[in-house]
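Everything on this sheet refers to the single structure shown next.
The values are calculated or read from the model by the stated rules, or taken from the named source; none is laboratory data. Source: prediction; values computed, not measured. Glycine gets a Cβ as well: all are built from the backbone with ideal geometry, and neighbour counts include every protein chain shown. Keep in mind that these areas ignore ligands, DNA and RNA; they rest on the heavy atoms of the full protein, side chains included. Shrake-Rupley method; radii C 1.70, N 1.55, O 1.52, S 1.80 Å.
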Amino acid sequence: MLIFPQTQAITASSFSDPSRQLQEVLTRLALFSNFPSSNGKYSALDVGTGYGRLARVIEDTLRSLFTREGMATGFFGQDILEGNIEAAKKLIRETGSEITFYA
């Protein structure tokens with residue numbers, strides 16, 4: 001069993017919808033297999049971010065993998081709908097996330 005750090009908002013959405021929980025687990029597994037430990041800096045872009053749920057999963061996962069300051073540096077979400085971006089920005093203000101969203 002793998003245990004990952006999660007924010008309360010992510011946990012609540014995960015348990016309410018099994019398909020979201022699976023999507024989050026698969027996202028974490030992809031990050032673990034594609035981001036080798038190194039001295040480099042890492043950034044991530046979530047295209048079609050919607051409300052930014054998976055962008056927050058990516059941010060949490062990369063920050064837990066690369067705990068040294070400055071290694072996980074940029075997190076971005078992009079969506080074509082301005083309403084989604086506004087909702088995502090509101091949610092990150094509530095969670096203290098450092099993701100930048102673009103429409």
Among the residues of the stretch 72-103, what is the count of those that are modelled with pLDDT under 80 and surrounded by 18 or more Cβ atoms within 10 Å (Cβ to Cβ)?
1
The stretch 37-71, residues that are modelled with pLDDT under 75 and open to solvent by less than 90 Å² (accessible area, probe 1.4 Å)
38, 40, 42, 65, 66, 70, 71
Looking at (1) open to solvent by 90 Å² or more (accessible area, probe 1.4 Å); (2) modelled with pLDDT under 55; (3) not hydrophobic (A, V, I, L, M, F, W, C), which is the one condition that is false for residue 7?
(1)
